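Q: I'd like to ask some things about the structure below.
The values are calculated or read from the model by the stated rules, or taken from the named source; none is laboratory data. Given the structure is predicted, the values throughout are model-derived calculations rather than measurements. Cβ atoms come from the backbone with ideal geometry, glycine included; neighbour counts cover every protein chain shown. Side chains are part of the model used for accessible areas, which takes the heavy atoms of the whole protein and leaves out ligands, DNA and RNA. Shrake-Rupley method; radii C 1.70, N 1.55, O 1.52, S 1.80 Å.
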Amino acid sequence: MYHATTSQPALLPSNWYTNPSIHRREVSVLRHSGWQLVTTTKGLSRVGDYQAMDRLGVPLIVRNHGGELVALRNVCAHRQCQLVSEGGGHATELKCPYHGWQYGGDGRTRKIPAAKNFPHFDRERYRLGSFPVRVVGQLVFVNLTGESNSLGNDAWLDDFATKTNTASWQQVLCEELEYSCDWKIPIEGSLESYHLSEVHSQTFGNDPGESESTHELLDWGTRFRTDARDDSFLARMEERVMRWLVGDFSTHYQHVHVFPNIMASFTDTMSLVYQITPTGTSKCKLTVFGFTRRPTRSGLIRNRVANGLGRSAASMARKVLAEDAAIFPLVQAGMDSARCGNPDEDAGRIFGRCEERLHAFHLHWNTSMKSEIAASKEGTLEDHHE
């Protein structure tokens, strides 16, 4: 069931999706909002394994140092050279390729060639910035604020941990997709089922409707739950295979949005966890990780079937993402048209009762942005309204 009894207005002006100044403010708020989903534990099992990436303009390297995952700024303290290229790898030492400076897991220098050239060297000042790391299931989060506070409410942490734990789930998908649209547009697209019949009729199917849907509006985010399921041949085969692999099967589907930009969809077959971040004005990146079930009993045939199911589920996820990717630029084009000077442009944006999770996101982000403005004292958001 839905909570809203009437349609609801969009709370974020159209130019919040196009304005470079708003973009810069949003990046700042996102950095300070806390934890970022950066990678998974896959490929980080050995000492010296690392994954390097950029999050909101911050170059990061997550490395297995002595059996513990550490996150460091991927920039040498000497001459600002990037330590490693983005992507995964393995190195026995964390060493700058320019002059050979070496670093430990705490970010401090371990070896400086010809160190006598740096008399009275201050190891505390000239070191790599470090960031707290949290592992949830197979998911790796980094806090860009440098604060080691809790990830948040256990109500969503438990689901994320259970649905991605190494014992029961294997990673089958790891991708980064670039979208030519503002980062809020893919989030909004994920928060309603109203578009399924038009965009995902060959993959997801139809909107289950209010009688088969449950919305939860929470202080940390929102949830959508349903047990509705198409009675197709493929759906019946999926259920039979899953019962054979793991012993049981549930038709329950859950989509979770953790404010502001972490999301997940959970079924008994597959877990998708993803985060969307801005990369420029009207540009963004989706980082997505997918997991499917491991068989409860070992055996060559069961393992092969589980691996085949994983490939099939990953292929289906890619199709769904591609369908969404075709729509998002069209939404951005509509937002761009507001710059033509039509003062009534925002009046045309409205959320139906089934889209109440979008309204909850708008309310959260509007509040977050106003708090940032109040803290920075650099003007008001109204300065950027059309």
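Q: Does residue 37 meet the test of being closer than 28 Å to residue 149 by Cβ and in contact with a strand residue (DSSP E or B) (Cβ under 9 Å, 6 or more places away or on another chain)?
A: Taking the combined requirement at face value, the residue satisfies it.
Q: Kindly establish whether residue 115 is more than 27 Å from residue 262 (Cβ to Cβ) and either touching a residue at least 40 places away in the same chain (Cβ under 8 Å) or polar (S, T, N, Q) (or both).
A: no
Q: Another one. Whether any residue in segment 274-296 is in a helix (DSSP H, G or I) and hydrophobic (A, V, I, L, M, F, W, C) is what I want to check.
A: no
Per-residue answers, yes or no, for (1) farther than 30 Å from residue 370 by Cα; (2) modelled with pLDDT under 95:
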{"site": "31", "(1), (2)": "no, yes"}
{"site": "41", "(1), (2)": "yes, no"}
{"site": "44", "(1), (2)": "yes, no"}
{"site": "48", "(1), (2)": "yes, no"}
{"site": "60", "(1), (2)": "no, no"}
{"site": "78", "(1), (2)": "yes, no"}
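Q: Also, quick follow-up: So how many residues does segment 286-305 have that are modelled with pLDDT of 95 or more and either polar (S, T, N, Q) or open to solvent by less than 20 Å² (accessible area, probe 1.4 Å) (or both)?
A: Within segment 286-305, residues that are modelled with pLDDT of 95 or more and either polar (S, T, N, Q) or open to solvent by less than 20 Å² (accessible area, probe 1.4 Å) (or both) number 7.
Q: Among the candidates 198, 176, 192, single out the residue that is touching a residue at least 40 places away in the same chain (Cβ under 8 Å) and outside any loop (DSSP other than H, G, I, E, B). Before the answer, list the steps.
A: Details: 198 fails: touching a residue at least 40 places away in the same chain (Cβ under 8 Å); 192 fails: outside any loop (DSSP other than H, G, I, E, B).
Just a single option satisfies the conditions, and that option is 176.
Q: Can you find, within segment 69-104, the residue that is nearest to the chain's Cα centre (by Cα) among those that are in a loop (DSSP other than H, G, I, E, B) and buried (at least 18 other Cβ atoms within 10 Å of the Cβ)?
A: Once the filter is applied, the top-ranked residue is 74.
Q: Listed residues 245, 234; which is open to solvent by less than 30 Å² (accessible area, probe 1.4 Å), in a helix (DSSP H, G or I) and not acidic (Asp, Glu)? First the steps, then the outcome.
A: Numbers: 234 fails: open to solvent by less than 30 Å² (accessible area, probe 1.4 Å).
Matching residue, one of 245, 234: 245.
Q: Checking residue 208 against (1) surrounded by 14 or more Cβ atoms within 10 Å (Cβ to Cβ); (2) part of a loop (DSSP other than H, G, I, E, B); (3) touching a residue at least 60 places away in the same chain (Cβ under 8 Å), which single condition isn't satisfied?
A: (3)
Q: Follow-up question, since we're still on this one. Of all residues in segment 132-150, which are in a strand (DSSP E or B), open to solvent by less than 30 Å² (accessible area, probe 1.4 Å) and not aliphatic (A, V, I, L, M)?
A: 141, 143
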